[in-house]
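Shown next, in structure tokens, is the structure this report addresses.
The values are calculated or read from the model by the stated rules, or taken from the named source; none is laboratory data. Treat the numbers as computed from the prediction; the structure is a model and nothing was measured. Every residue, glycine as well, gets a Cβ built from its backbone with ideal geometry; the counts of neighbours run over all protein chains shown. To get the accessible areas, we keep the full protein, side chains included, count just its heavy atoms, and leave off ligands, DNA and RNA. Shrake-Rupley method; radii C 1.70, N 1.55, O 1.52, S 1.80 Å.
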Amino acid sequence: MELAINLTIVGMVVVFIVLILLSAIISLFSKIASAGKTGGKDKMNTKDNDMPAPQAHKDVVEESTAYIEQKDDSELVAVLTAAVIAAMGGSSESNIHVKSYRRIPQISPVWNSVSRKEQIAAKL
Amino acid sequence: MELAINLTIVGMVVVFIVLILLSAIISLFSKIASAGKTGGKDKMNTKDNDMPAPQAHKDVVEESTAYIEQKDDSELVAVLTAAVIAAMGGSSESNIHVKSYRRIPQISPVWNSVSRKEQIAAKL
Amino acid sequence: MELAINLTIVGMVVVFIVLILLSAIISLFSKIASAGKTGGKDKMNTKDNDMPAPQAHKDVVEESTAYIEQKDDSELVAVLTAAVIAAMGGSSESNIHVKSYRRIPQISPVWNSVSRKEQIAAKL
Amino acid sequence: MLSEFINTVKDLILNSGFVQGNWKDFLMIGIACFLIYLAIVRKYEPLLLLPISFGMLLANLPVVGLSSYDEGGLIYYLYQGVKMGIYPPLIFLGIGAMTDFGPLIANPKSLLLGAAAQLGIFITFIGASALGYTPQEAGAIGIIGGADGPTAIFVTSKLAPHLLGPIAIAAYSYMALVPLIQPPIMKLLTTKKEREIVMKQLRPVSKTEKIIFPIMVAIIVSFIVPDAAPLVGMLMLGNLFRESGVVERISKTAQNELMNIVTIFLGVSVGATATGDAFLDKKTLGIIALGLVAFSIGTAGGVLFGKLMCFATGGKVNPLIGSAGVSAVPMAARVSQKVGQEANPGNFLLMHAMGPNVAGVIGSAVAAGVLLSVLG
Amino acid sequence: MLSEFINTVKDLILNSGFVQGNWKDFLMIGIACFLIYLAIVRKYEPLLLLPISFGMLLANLPVVGLSSYDEGGLIYYLYQGVKMGIYPPLIFLGIGAMTDFGPLIANPKSLLLGAAAQLGIFITFIGASALGYTPQEAGAIGIIGGADGPTAIFVTSKLAPHLLGPIAIAAYSYMALVPLIQPPIMKLLTTKKEREIVMKQLRPVSKTEKIIFPIMVAIIVSFIVPDAAPLVGMLMLGNLFRESGVVERISKTAQNELMNIVTIFLGVSVGATATGDAFLDKKTLGIIALGLVAFSIGTAGGVLFGKLMCFATGGKVNPLIGSAGVSAVPMAARVSQKVGQEANPGNFLLMHAMGPNVAGVIGSAVAAGVLLSVLG
Amino acid sequence: MLSEFINTVKDLILNSGFVQGNWKDFLMIGIACFLIYLAIVRKYEPLLLLPISFGMLLANLPVVGLSSYDEGGLIYYLYQGVKMGIYPPLIFLGIGAMTDFGPLIANPKSLLLGAAAQLGIFITFIGASALGYTPQEAGAIGIIGGADGPTAIFVTSKLAPHLLGPIAIAAYSYMALVPLIQPPIMKLLTTKKEREIVMKQLRPVSKTEKIIFPIMVAIIVSFIVPDAAPLVGMLMLGNLFRESGVVERISKTAQNELMNIVTIFLGVSVGATATGDAFLDKKTLGIIALGLVAFSIGTAGGVLFGKLMCFATGGKVNPLIGSAGVSAVPMAARVSQKVGQEANPGNFLLMHAMGPNVAGVIGSAVAAGVLLSVLG
Ligand code: NA
Ligand code: NA
Ligand code: NA
């Protein structure tokens, strides 16, 4: 029983330490990323948070990616989330219809073509 | 040699017993199914045999499923069988053309969407 | 060190012997093939080398196959090679555009349909 | 240094196949090439016969050490899946996921035809025993009559692994030859009138029945013939994947990639058991002859029982669907269809023959279970 | 000859399941059929519950010898992949290739919620210890609260393999029941006002961050909790395949065919550990009860920590996203979304809940590492 | 209880990587991260270099026990497929199913260029021997010059498994660098006039020739160099699947899912052989240097033999296609094309270079067979 309580405390502490550490590092490198940003490859999908019209970037557990302008009202967000839910197979109870849904321009055609090249290549 | 003859008799008897048993049980549960039918999910593709215009249900070794009204002449059956044979890669010798071929309405959209949901889900 | 030099000599000799042997046999059976040709299945894609307007047969490391008439100028070849390179994921530096690209008529529909039949078949 | 050079060359030459090979190796390579020809040009069940015959080719290249018996070689490891009895049930998983038992559920009497067509297995067993094969060998030879490749390989790998090569080759070759073997027998045993019989439409089958069917078959068959359980259990699991409709992604993988991978491994390593010493034996000739007998008697058994059912039902059953009971899905069912249509162009037996056809798979597995139980 | 015939028949009957089976076998077959029903009709995580329950069915067919313990049988060989700890990391490889950690990177504090929700694991561990389970058993039972099938199976196969069946079944069943289990607890612990909180848009996440993330997590977690490395390492390798964008073909195979094949083998062989003797034990009832406790406490832990974060951020965090920290991706996140929308129809928490949701996978793996390190 | 708590914490800390790790581990993690960078950002053969470098990362996380040598760990089991020599032939099966030998059959003299380019293998073998490597090590290092990953791994796993990591990394890195390594050598050894040579159209190749080719190559090569049989046999079986046209479904699986699964397992477990002790050795530096030498000499050998063929044919052969003989399909052929087009914009050598390119695969396998036969 002592073991159990001990292990519980140790376990929760370790879990928190690890995840806090990860959290801290992620925060850190997101700061580095936004500080050291110089455009280029990432220009398209990283935007400073303090931009006048910040853009929302949705990225769900599948490829479908939406890229919209946020107008500071929750309506559009609602719409998109509903679309996402629908895509995930659920039935959104409310009858909201998607008003605007634009696919982001394909960011990395080069990567795709490389991958295609690799598939064509008769060599691993 | 005795063993051989014995085994032959025993073997055929066992094969018949097993398959007769299966046959009996299937007959049984088809009767239960047609007796205890209360509609719902199965309404679409189970019909009583004694219906005035019984419907034919073709279901081949692949997904292609046809669902037609039978007019008590063999023509339509012939047509569909021919279509099925064609689909299976054979060449039907006769020159019959398919006159009517209607896909059954998709019975289980829910199942499909569940399966899709499962595929989207990042979790087994 | 003696071993190394020995092995190098032996190795190169064996490699050359094997590949020369293969080369000889291939030359041989290509001659047999063009001699004993009687048409039929291979008619479509085997042509004698001494034909007045020999036909070029491109066959890249993937399925895309082109089949064109050669007009003894290198332009068309260039075009096709460029197309092939493009298909392989590269960027052809020159700005040549494909002028003519014809798919060969599918030679073996029977083989395909057999394969499809096999896939449908519930039996290996 | 020169002498070392000469020694190196000498070693290489002495190690090469040309010096080490004997006439058996060369004959076997010839046989393998002939089987490759049958697979590619004649399209004899190429999905298995091509890997099998190439495996045979590799196994008989002298010195190479690529037979299934060469410990530590590539094919030796692939062969373990045969030896452990893993591949055939996995192929049955895929076959189950591909098979629609609907026609059988709609007409449960089909099962009797699937039983009758197993006669070939047992009569051939008697014949093989009489010819001096051991009971185990005779059982493995008999199972060729089941017209079911994975079942034949499963049984043979347990009862007489040294015969794997010829039995697999015979089984798949005769399955490919079903359109030639069966029609004469079918016509011989039936009258034109019987062949003209048009059968009544099959009733539709509900989703529920299709779901309960595999569970029930797995339980019943395993209870009565436990040795058939690996085959029937996996067949029915695959079918449950299919019919449940809720696990499409694993159903697809079971019938495609998993089955294809196992087919390659199974084919190559079964073929690679057919070394010269194992294959060039008078037993092989016996197997080829007896395999044809097995197919023929199985066909006859099915047709004759079909005649019985025709008589018992007052002419409602066309005996031609009986021959489909040998399995060889869906070839045998198509043969029934074709022979029926020759007699009566308006006669479409395909769906009715699919019932006995898939029943034959179950029937062969049951027969295999009996053989394994008594002889194993 | 007659006596031999009678003997053969007698042997067959005595070998059949009907004679050899005992009440446990029949009860287990009933339970397996019930689980198949849940998988197909109720759609309880069918991708795993269907193979598991069919494996259970096969394992309990008397005489058949298809349990995971029957040396030399098909399922015995498949089971080795569980025993060696190969399957769960391979499934994690596929899950990694399917998972977008973007919402978590956008809001790193999500990770704390993923930590808090592991409370269920440890409290249940205490409970199970108090009820007399051995520490190893208690650890395996506790991990059910991680709401993460492969992790639960991985831990159980190392700590208490005899409980694999009930623990896997409990884990997957409760994962399927998340939409029933969580909402009452979430509503009980939050005020309507809290549930109405609308959260701020997530920032976009760059490709670079997404690529560095899996490498970093693999390193950090493995350093601190080495026993979590097989799971976390493979999860992150899969994610790196996904996010790198340069190896699409192996990323696709990892999340489809490879995962499907492993799922079939894992499911059937885990199910086939649940023989009557192993399953029909009062321990199983305890596992089922404690599993529910674990899920509930995990949910509560997440929600309560969510309340804490809500308070600390001055009301910027909706506590409902905390419950998603139990994993059960993406079901738990959808539950957060739904309960939030009930309180405020304009409230869309899904993306915010995905952060804790995927964090919960990492959190459970870390907790698993601790359990394995101390108890293993 | 407090003391027990402190002990538990102490154990955890002492078991963690931070305390247990030494400088080698940390350096290796850095190297692994650099290789991941090369794979993702520089796209150095990412399909293998990404799994390899991640495997290296996992293997060097201290305490974790995920190297290929840690018995009982996940990667240990995956590694058995390398050790048993199973993975490389299976990858060759897929490569065979992807490769069109048409350009080679159309111009059989290509094979000589594929032979000449193997010079790099043997000259490097001499060099490595002179530098003090054992003959086995020298053979494994030489094979890097074959520019053929699976062949290099196959040979190394048999001759010098402790060098697997650096040799695999060198082989794949240099294959990715072929567009940088080859052009200067090609230009140095050829005149502009030679580079401008336009070659005559290739004749069309019949289906029959394409089907006979793999069978013939498998037989001939295995006869003369039995040790090359697993590689060449599987390569040709895959090609026969492709060209036969009757087994499309297994051909597709061989070149996609099966190859992808094997690639993942192979890459991760080969990478995980590169532990600090094995990798941080002056031998590794030698391997990197000698690997570059091997590629360069192979290229030179091909080009020089191309010049010879140019001379012998009275200027009909462009020597640039010789460099494609090193394999590195199809990169090396594209390099020939590009350098040729630089000299003469109307010059299209790609198809002509594909012949030596695929011949180089066979040539390397033959060379590998010789090395294994003499040194194995
Ligand atoms: Na059969
Ligand atoms: Na979790
Ligand atoms: Na090469």
Next item on the list: Go through region F:279-376 and name the trypsin sites (Lys or Arg not before Pro) that are in a DSSP coil and have 13 or fewer other Cβ atoms within 10 Å of their Cβ.
Entry: F:Lys316
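What ranking of E:Thr191, E:Thr124 comes out by heavy-atom accessible area, probe 1.4 Å, highest first?
Largest accessible area first, the list is E:Thr191, E:Thr124.
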Notebook entry, point to check: So for region E:201-350, taking the charge dipole from beta-carbon charges (+1 Lys/Arg, -1 Asp/Glu), which of E:Leu308, E:Ser269, E:Ala294 sits furthest toward the positive end?
Noted result: E:Leu308
Check: Can you pull the mean other chain C-beta count within 10 Å for peptide E:120-130?
Finding: 4
Notebook entry, point to check: Per-residue accessible area for F:His162 at 1.4 Å probe radius, Å² rounded to 10?
Noted result: 80
Next item on the list: Specify the inter-centroid distance of region E:174-228 and region E:340-376, based on alpha-carbon positions, in whole Å.
Entry: 4
Next item on the list: Using the Kyte-Doolittle scale, find the helices of chain D whose mean hydropathy is at least -1.0 and whose Cα atoms extend 24 Å or more along the helix's long axis, counting only whole DSSP H runs.
Entry: D:23-40, D:207-224, D:282-312, D:350-375
Margin query: Which one, E:Asn60, E:Ile29, E:Gly146, is farthest towards the positive end of the dipole of region E:1-155 when Lys and Arg carry +1 and Asp and Glu -1 on their Cβ?
Written below: E:Gly146
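Taking the mean number of other Cβ atoms within 10 Å as a proxy for protection, how do you rank E:195-205, D:285-295, F:235-245, E:318-328 from highest to lowest?
E:318-328, F:235-245, D:285-295, E:195-205
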Notebook entry, point to check: What are the label-to-label distances in nm, one decimal and shortest first, from E:Thr313 to the same spot in the other copies, with labels 7 Å along Cα to Cβ?
Noted result: 7.0, 7.0
Next item on the list: Calculate, for E:Asp11 and F:Arg42, the FRET efficiency according to 1/(1 + (r/R0)^6) with r their C-beta to C-beta distance and R0 60 Å; round to the nearest 0.05.
Entry: 0.30
Margin query: Given the rotation that superposes chain E on chain D, what residue of E brings its beta carbon nearest the axis, and what is the distance in Å?
Written below: E:Glu257, 3
Note to self: Could you order the peptides F:90-96, E:208-214 from most to least packed, using the average number of other C-beta atoms within 10 Å per residue?
What the structure shows: F:90-96, E:208-214
Notebook entry, point to check: Considering only the label points, 7 Å along Cα→Cβ from Cα, what distances in nm to one decimal separate E:Met84 from the same position in each other copy, shortest first?
Noted result: 0.8, 0.8
Notebook entry, point to check: How big is the C-F contact in terms of buried accessible area, both chains counted, 1.4 Å probe, rounded to the nearest 100 Å²?
Noted result: 5100
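If contacts are Cα pairs under 8 angstrom and at least 6 residues apart, what is the relative contact order of chain E in percent?
In percent, rounded to a whole number, it is 29.
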Check: What quantity of accessible surface, computed with a 1.4 Å probe and excluding non-protein components, is buried in total between chains A and C, in Å² to the nearest 100?
Finding: 400
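What average count of beta carbons from other chains do you get within 10 Å of the Cβ of residues in D:141-154?
Mean partner shielding for this stretch: 1.
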Notebook entry, point to check: Nearest 20 debye, what's the magnitude of the dipole of region F:241-341 about its Cα centre given +1 on Lys and Arg Cβ and -1 on Asp and Glu Cβ?
Noted result: 380
Checklist line | Contact order relative to length of region D:209-349, as percent, for alpha carbon pairs under 8 angstrom and 6 or more apart | finding: 11
Notebook entry, point to check: Any idea of F:Cys33's accessible area? Nearest 10 Å², probe 1.4 Å.
Noted result: 50
Check: Peptide E:343-351: average number of partner chain Cβ atoms within 10 Å per residue?
Finding: 5
Next item on the list: State the Cα centre-to-centre distance between region E:88-106 and region D:27-90 in whole Å.
Entry: 40
Next item on the list: Distances from F:Ser3 to the same position in the other copies: list them in nm, one decimal, shortest first, using label points 7 Å from Cα along Cα→Cβ.
Entry: 7.7, 7.7
Item checked: Which listed pairs, of F:Lys24/F:Lys283; E:Lys192/E:Lys307; D:Lys43/D:Lys193; F:Lys207/F:Lys307, have C-alpha distances above 24 Å, in listed order -> D:Lys43/D:Lys193; F:Lys207/F:Lys307
Next item on the list: Please state the charge dipole magnitude for chain D, taken about the Cα centre, from unit charges on C-beta atoms (+1 on K and R, -1 on D and E), reported in debye and rounded to the nearest 20.
Entry: 1420
Next item on the list: Please find the FRET efficiency linking F:Phe311 to F:Glu196, where r is the Cβ-Cβ separation and R0 is fixed at 22 Å, and quote it to the nearest 0.05.
Entry: 0.90
Checklist line | Options F:Val155, F:Ala328, F:Tyr172, ranked by Cα towards positive dipole end of region F:88-375, top entry (Cβ charges) | finding: F:Ala328
Next item on the list: Sticking with the crude label model, points 7 Å out along Cα→Cβ, report the distance from D:Met84 to C:Lys31 in nm, one decimal please.
Entry: 5.2
Notebook entry, point to check: To the nearest 20 debye, what charge dipole does region F:1-123 have about its Cα centre, counting +1 at the Cβ of each Lys and Arg and -1 at the Cβ of each Asp and Glu?
Noted result: 440
Note to self: Defining a contact as two alpha carbons under 8 Å apart and six or more residues distant in sequence, what relative contact order in percent does region E:274-370 show?
What the structure shows: 21
Notebook entry, point to check: So what's the back-of-envelope 222 nm ellipticity for chain E, counting only DSSP H runs of four-plus at -39500 (n - 2.57) apiece and dividing by all residues, rounded to 500?
Noted result: -22500 deg cm²/dmol
Check: With N residues in chain D, what two-decimal value do you get for its Cα radius of gyration over 2.2 N^0.38 Å?
Finding: 1.06
